[in-house]
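Each value in this text was obtained by applying a stated rule to the coordinates, not by laboratory testing. Owing to the predicted nature of the structure, the values given are computational and were not obtained by experimental measurement. All Cβ positions, even for glycine, are placed from backbone atoms using ideal geometry, and neighbour counts span all protein chains on display.
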Amino acid sequence: MIRPGLVLVITGPSGAGKSSIIHAVLEAEPGLSFSVSHTTRPPRPDEREGVDYHFVGKEAFERLRSAGGFLEWAEVHGHFYGTSFSELESAERSGKSILLDIDVQGAAQVAQRLPGCPSVFILPPDYQSLADRLKGRGTEDQSDLVRRLRNAAWEVRRWESFDYLVVNDALGRAVAEIRAILAAERLRTARRRAAAEKILSTFPLRGGPAATSSGPSSGLTSASDAGPASGDVESAPDRRPKRES
């Protein structure tokens, strides 16, 4: 399977502020690309095709799903959403890491297909903040709003299934925490193998700890400090009581 150097999954309930966090992170991280999901829901007034989502009909979505074109897909809030393998392939060709903004169901599928893929759950500071944010954006009718709030009550209780938790009570801090997670994940030994092997190639092929008795201390114990060798130990007198015959 084609896989970029780093796939970061971000999940949270609708209204947790994921989009604002993600936009700020992408602006600050030029080496990070955004996975544009496919969806069957209609676009909102401020959304652009191919930038925010690939907006498709249900039949087109089902054709791509039947062809095995999705890394993950799920039905959420009455619409289908999915991440296509072509998004990962594009990130692989560009040499960039990729960020996935997906729901709880999709995150579980990614965890199965890409073991070790780091995941972040975004929590709002409280229920009222989430409800106010959903109502304030004015993009859902009353029935959709009720459904999203009901789903949020279920989704927030899945936070322990994720590697990291970010509470979005201050946008700047939430963005900084996501960037810190990215920095830590990029420093994992498994992802720095090429750099380590390049450095190691400059060292002798064979080696071991060398004993020294002069010069500044290296923190290593020399042969003279390690105690007497087993053959140099003087036998201690046998003080065990002798049993009378």
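Data table
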{"read-out": "Segment THR139-LEU200, length gained on full extension (0.36 nm per residue, minus Cα span)", "value": "16.4 nm"}
{"read-out": "GluC sites (Glu not before Pro) lying in DSSP loop within region 1-88, provided at most 13 other Cβ fall within 10 Å", "value": "none"}
{"read-out": "Within region 1-155: Cβ-based charge dipole about Cα centre, in debye rounded to nearest 20 (Lys, Arg +1; Asp, Glu -1)", "value": "160 debye"}
{"read-out": "Global form of region 63-186, assessed from the alpha-carbon gyration tensor, a/c cut-off 1.5", "value": "oblate"}
{"read-out": "Of the trypsin sites (Lys or Arg not before Pro) in region 31-120, those whose Cβ has at most 13 other Cβ within 10 Å and which sit in DSSP loop", "value": "ARG48"}
{"read-out": "Which of TRP159, TRP73, TRP154 has the fewest Cβ neighbours within 10 Å, and the rest in rising order", "value": "TRP154, TRP159, TRP73"}
{"read-out": "Gain upon complete extension [GLU59, ARG113; 0.36 nm per residue less C-alpha separation]", "value": "16.9 nm"}
{"read-out": "Chain lengthening between ARG150 and ARG48 when straightened (0.36 nm per residue, less Cα-Cα)", "value": "34.0 nm"}
{"read-out": "Cα gyration tensor category, rounded, prolate or oblate, for region 1-121 with a/c compared to 1.5", "value": "rounded"}
